[in-house]
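Reading through the structure tokens given below for one structure.
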Amino acid sequence: MNCATFRKQFSVFQDNRLSSDQMNDMALHLQSCADCRKFTEASEAVWELLTILPKPKLPPFFYTRLKARMEADHQAKPLSWIQRAVLSAMVTAVLTLGIILGSMAGRFSRAAKSENDLFYGLPLEEINVLSESAYASDYFEFFSQEGGAE
Amino acid sequence: MQDAELMERVKAGDESAFKMIVDRHHRAIYHLCYRYLEKREDAEEVAQDVFIRLYRSVDTYQPFAKLTTFLYRIAVNLSLNRIRDRKRKRWISLEMLRQNKGMEFEASSRDHPDFALELKEKQIQICRAIESLPENQKTAVILYRFQELSYEEIAEVMDCSVSAVEARLHRAKLSLKKKLNHLVDDLK
């Protein structure tokens, strides 16, 4: 046996998985070859080294916790696709309604602010004596100016 | 009572039979998951997932293979999926390991601090070396070295031939030797 053949089979040799004849051949080669002996010893030492990895402690009450999770999973059933579709449609409707209402409220407050500006600085008595036509013409003039300024 | 018999009882609605199965196998399944995930919380969650899958598949379960093979196969797949999820989330278990958050180390408070530090460093290097193996080789190493399954059992779990297991272990041993040889030299 040569070194290449030995090294091809070293793993199964290490795990005693060869026939007795093959095991003998491998052992004979090992006795006569210092390089392969060194190679095998190093490989076995590394394999042995893996045992220094710790084994974790088992979590306590494994079964109790497992059952609790199974029950929780059972209660929290996932939504069907119809339920998911209805839910997303409702969320979309609420959001759209919010946007529309917000936009309307913004316009209303802007108009209210403009009307306040129209009579700002006029004493109440003067406002009361203004005729309806005066209201209309001032109103029209005010908004024409505001529009022209933009 | 045999596992197949217990599974029949679970199928008939016997909760105590399911408890017996969990009590019998949860240790091995938890250790297997931990060896992949190196974090106790994750290992427990995945181990629970394994038994939940078993419970849900009880109606379709056919005792072609040993129950342990079935459980190991689910555990390996779920653990590998969890690792892939972590990679997607760029969560690196080694960092947790470095921070000593996930892993319990053998060295106790009675050990000399230098020794404890040295041991911890070695454990990290071994974990890193195992982590770096391709999935197939890593699974073969974990099942053989840590779960002590035979080549034939590993072949069943991994759904491959025994010669494929031999090849995977052979390559893994060479790779680990290359990566960890310096630790062995240090011991001499």
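Peptide A:38-51 has a mean of 5 when you count, residue by residue, the C-beta atoms of other protein chains within 10 Å of its C-beta.
Considering all C-alpha pairs of region A:17-84, those separated by over 13 Å amount to 80%.
For the pairing of chain B with chain A, what total accessible surface becomes buried, with a 1.4 angstrom probe, in square angstrom to the nearest 100? Please report the intermediate quantities before stating the final value.
Numbers: alone 11660 and 13140 Å², together 20680 Å².
Approximately 4100 Å² gets buried when B meets A.
3J(HN,Hα) along region A:79-93: 5, 6, 5, 5, 4, 5, 5, 4, 4, 5, 5, 5, 4, 4, 4 Hz, from the Karplus curve 6.51 cos²θ - 1.76 cosθ + 1.60 with θ = phi - 60°, whole Hz, x for Gly and Pro. Per residue of peptide B:166-179, the mean number of Cβ atoms on other chains within 10 Å of the residue Cβ is 4.
Here the ratio of the Cα radius of gyration of region A:3-52 to 2.2 N^0.38 Å is 1.13. Here the Karplus curve 6.51 cos²θ - 1.76 cosθ + 1.60, taken at θ = phi - 60°, turns the phi angles of region B:175-182 into couplings of 5, 5, 4, 5, 7, 10, 4, 5 Hz, with x standing for Gly and Pro. Near B:Lys179: Cβ cut-off under 12 Å, other residues only, Lys/Arg at +1 and Asp/Glu at -1. The net charge is +3.
Each Lys or Arg adds one and each Asp or Glu takes one away; over the other residues whose Cβ falls under 10 Å from the Cβ of A:Leu58, this sums to +3. A simple count of charges around B:Asp14, restricted to other residues whose Cβ falls under 13 Å of its Cβ and scoring Lys, Arg +1 and Asp, Glu -1, yields 0. Computed 3J(HN,Hα) for region B:126-137, one whole-Hz value per residue from the Karplus formula 6.51 cos²θ - 1.76 cosθ + 1.60 where θ = phi - 60°, is 5, 4, 5, 5, 5, 4, 7, 5, x, 3, 5, 5, glycine and proline marked x.
Averaged over peptide B:48-55, how many Cβ atoms belonging to another chain are found within 10 Å of each residue's Cβ?
Details: counts 9, 2, 1, 6, 4, 0, 0, 2.
Mean inter-chain Cβ contacts per residue within 10 Å come to 3.
Taken along the Cα-to-beta-carbon direction at a fixed 7 Å, the label points for A:Lys57 and B:Ala4 span 4.0 nm.
The values are calculated or read from the model by the stated rules, or taken from the named source; none is laboratory data. Predicted model only: the values in this text are computed from it and were never measured. Here Cβ is always computed from backbone atoms with ideal geometry, including for glycine, and neighbour counts include all displayed protein chains. Each accessible area value is taken on the protein alone, full model and side chains, heavy atoms only, with ligands, DNA and RNA left out. Shrake-Rupley method; radii C 1.70, N 1.55, O 1.52, S 1.80 Å.
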